[in-house]
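Every number here is computed from the coordinates shown, using simple stated rules; none is lab data. Quantities reported herein were computed from a predicted structural model and do not represent experimental measurements. Backbone-built Cβ (ideal geometry, glycine too); neighbour counts: all protein chains shown.
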Amino acid sequence: MAKQYPLAQVVVQLEQGRPPEPDAGFLGAALDPAEAGLLLIPVPWEATTSYGGGTSQGPQAILKASHQLDLEDAAFGQPYRAGISFIEADDTIAELNLPAREAALTVIEALEEGKKAPAELALVNRASEEVNRHVYQQARAVLSQGKLAAVVGGDHASPQGLIQALAEQHADFGILHLDAHHDLREAYEGFVCSHASIFFNVMAQQAQVSRLVQVGIRDYCRREADYARDLGERARVFYGAELFRSKAGGESWLSICDRIIAALPQQVYVSFDIDALDPPYCPNTGTPVPGGLSFDEASYLLERLAQSGRQIIGFDLCEVAPGKEDEWDANVGARILYKLCGATLRSQGMC
Ligand SMILES: [Mn+2]
């Protein structure tokens, strides 16, 4: 494990602008988690990825790319001063990932050949539950110290344990979910904890989530759209096409952001799937869909959310998959991650 430093020393290291060691922590300096206000929990998990792979490499690639970031944020000032620690990835999840991924591929192959789901399905479901339990325990340990917790995935199944831990602390909160997909499929391909099922599971299991607000959705099946409608007051969807239509008709992005935010309660969890963004920002993500938000639009939505007086109680960033050739996806991911940190800390009066 790389050496970790107290906050005062990290701030000095960062502000001196020295080139970071390759194994340095978030933004280029390794903060002792005990001194952090916000802990980023890496979840290198992608068992049920259904199209392009690689998102289990996301946390490490984002951490490395974060060394290139400048510290000042135009919207949120100096979030790093509140203490952001990217904790060490836990071996448990990485060790579960590969065998579960292989088992999942066997299942997907059988389904594609029109066969019945093989025994490997149970293995994937068991491993998924173990990952959820593990993330839940990590998150609970962070929250019990009065600190903020966030998950860096991994595919979109990664943050379920965090949301579960938050639901024990907050009786009523909303989720702002940015994504190209609803992720409302029940046990997609038989995988109970599929990346495509996360919000089906959350809405079924966490009654504390009073409102799910989905933004940028543009690739979905009828059943998911029906399910969202059947959630009634508990869900509000801002489809990609609807957002574009509003803009084409002359509504400002500011006004659209405020309509989105108005649908959220006082306490908000943010779930950010990088494929909410237009694919030029995330060409290697597992299931890219043309259209989507620009980096500036997404950042401004977070800025308005933090300004709205609501509290962001936690967040995740998922589905960032580093390219083989370059750092672009991870670079964008690191910048979105820093925005999420800034918005969260600002909303809590911590930066
Ligand atoms: Mn997703």
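Brief remarks on what is shown
- Residue 191 meets the conditions (1) surrounded by fewer than 24 Cβ atoms within 10 Å (Cβ to Cβ); (2) within 16 Å of the ligand (Cβ to nearest atom); (3) of a type outside the set (Lys, Arg) in every case but one. The failed one is (1).
- Qualifying helices (runs of 4 or more DSSP H) (wholly inside segment 240-351; at least 2 residues being among the polar types (S, T, N, Q)): 295-307, 328-347
- For segment 86-114, the tally of residues that are more than 28 Å from residue 40 (Cα to Cα) and part of a helix (DSSP H, G or I) stands at 9.
- Restricting segment 314-336 to residues that are of a type in the set (A, V, I, L, M, F, W, C) and in contact with a helix residue (DSSP H, G or I) (Cβ under 6 Å, 6 or more places away or on another chain), the residue that is surrounded by the fewest Cβ atoms within 10 Å (Cβ to Cβ) is 332.
- Residue 174 being away from the ligand (no atom under 13 Å from the Cβ), closer than 25 Å to residue 267 by Cβ and in contact (Cβ under 8 Å) with a residue 60 or more places away in the chain: yes
- Taken together, 246, 271 contain a single residue that is of a type in the set (Ser, Thr, Tyr) and in contact (Cβ under 8 Å) with a residue 60 or more places away in the chain, which is 271.
- Among the residues listed as 197, 158, 128, 210, the single one being touching a Lys or Arg at 6+ places or on another chain (Cβ under 7 Å), closer than 19 Å to residue 51 by Cβ and crowded, with 16+ Cβ neighbours inside 10 Å: 197
- Check on residue 57, of a type in the set (S, T, N, Q), touching a residue at least 24 places away in the same chain (Cβ under 8 Å), out of contact with any His (no Cβ under 8 Å at 6 or more places or on another chain) and surrounded by fewer than 22 Cβ atoms within 10 Å (Cβ to Cβ): yes
- Exclusive hit being closer than 16 Å to residue 125 by Cα and of a type in the set (Asp, Glu), set 95, 88: 95
- Tally of residues being within 20 Å of residue 338 (Cα to Cα), within 14 Å of the ligand (Cβ to nearest atom) and not polar (S, T, N, Q) across segment 280-291: 1
- Residue-level check: of (1) farther than 24 Å from residue 234 by Cα; (2) touching a residue at least 60 places away in the same chain (Cβ under 8 Å); (3) away from the ligand (no atom under 16 Å from the Cβ), residue 349 misses just (2).
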